[in-house]
Amino acid sequence: MGKRRAFAAHNVVRAQKHWTRATLAPTIYNMTMTSHRPQTNGVTAPPTRPAARSSVTGEAANGVQVVFQFDDTDTHADALDTLILANFLNGSQPRARTKRLDQVREEATLLPPGTVATHTAIGDGHDAKLAVGDGWTLRCIRWHSGGALVSVTAITDELAESILKLAIDGAVGEPEPEDDRVEIGFWHMSGHGPRRRARPIAAALWPEIRANYSPTAATAIDQLVSLDGANLPGRMLLVHGPPGTGKTTALRPLAREWSSWCQLDFVVDPERLFADPGYLIDVVMGSSDDDKPWRLLLLEDCDELVHAGAKQSTGQALSRLLNLTDGLLGQGRQVLVAITTNEDIARLHPAVTRPGRCLAQIEVGPLPRAEACAWLGSSAGIGAAGATLAQLLALRDGTGPVMTPDPPPIGGLYL
């Protein structure tokens, strides 16, 4: 508490309150608390509660009284501190126990069962309560962020321990489940230059969604998940396959599994990124507060950037991509590039797929029929070629696109 001091006095506890000239009562207020009503500048004030007054001004067991001084920086919660400290300092309750709690349940009172608080102070950011029992005093502070501090003074150690245990029993809630989100940065070129906005995105753990992929794809992603950023054999991740197979979905748990050493950034306009050197430099260099050694740039559906005729159709864009993954630009920063494409691997530019450049080349195709039926729990709607993840989700949830009904057949004869 602000400017609080405790010192020895005799048969009296004095509280001093200082008011500024800006208040309606521009005076210095001195109050002397005794066993009678307090006198305020010659005017008799309303009586204080006996229990509260006795806890502050009761006869000291060790023959020493305590004086607390207040000023206008103190709060009502600070006043509750004095009531529990006075009993401890004057020796009437010389045993103390304190416990700090995290994630306290909303319904927890932090008081022994059947106990009612004698004082309550609700403040900005925290609340405080005081309770008094036979030979003990309890003060609890509860922060609005979820934590709490419970203190007990008592005449014996055993009583202090038991009262504290009763007050906090069952007060702490179950630990929050592990956060199922990962921060992803979103880059785009705005009218004021490159901009990055970070958002937490839901991302399951890889084992939770592994069954969504064919055995060959799942095995390859297993190997990616196990990487720790050391001795990476390449800088490019190629994830290719038909639409709806879950290519981008597989990269979200990868970002979560790698979150300790790699930051995932999604580039909204990849064609603009490789067409504008200034934009590319800003994205590659990132920000000065990056706290992870590696960054993974995700470029979604970049067929035109990596197909066999990309050099002729995109000009220098392909060259800049290759330089980022295996050139001076890439060596200057620890940057990985993940590209999803619907193109078959055989139709991609050979410079993209050459050995040493790719960290991984993963084909994500439909689930074979046996795995698709096992995933769905039924063979209804699944053809001989299996089904994509999007098709399985639609079959499971009974969802599909909204379509206009087919027109009724036109009757009649034509001559």
| Zone of N342's modelled label, taken as backbone nitrogen in the stretch 228-245 under 13 Å from a point 7 Å along Cα→Cβ | 241-245
| said: Between D169 and A390, how high is the FRET efficiency from 1/(1 + (r/R0)^6) when r is the Cβ-Cβ distance and R₀ = 56 Å? Nearest 0.05. | reply: 0.65
| remark: If R0 = 51 Å, then M285 and T156, at their Cβ-Cβ distance, give a FRET efficiency to the nearest 0.05 of 0.20
| field | Rounded accessible area per residue of the stretch 157-250, 1.4 Å, Å² | value | 55
| request: Would you calculate the separation in nanometres between label points at N323 and N231, each defined as 7 Å from the Cα along the Cα-to-beta-carbon direction? | output: 3.2
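The values are calculated or read from the model by the stated rules, or taken from the named source; none is laboratory data. Quantities reported herein were computed from a predicted structural model and do not represent experimental measurements. Backbone-built Cβ (ideal geometry, glycine too); neighbour counts: all protein chains shown. Areas reflect the complete protein model, heavy atoms only, side chains present, ligands, DNA and RNA absent. Shrake-Rupley method; radii C 1.70, N 1.55, O 1.52, S 1.80 Å.
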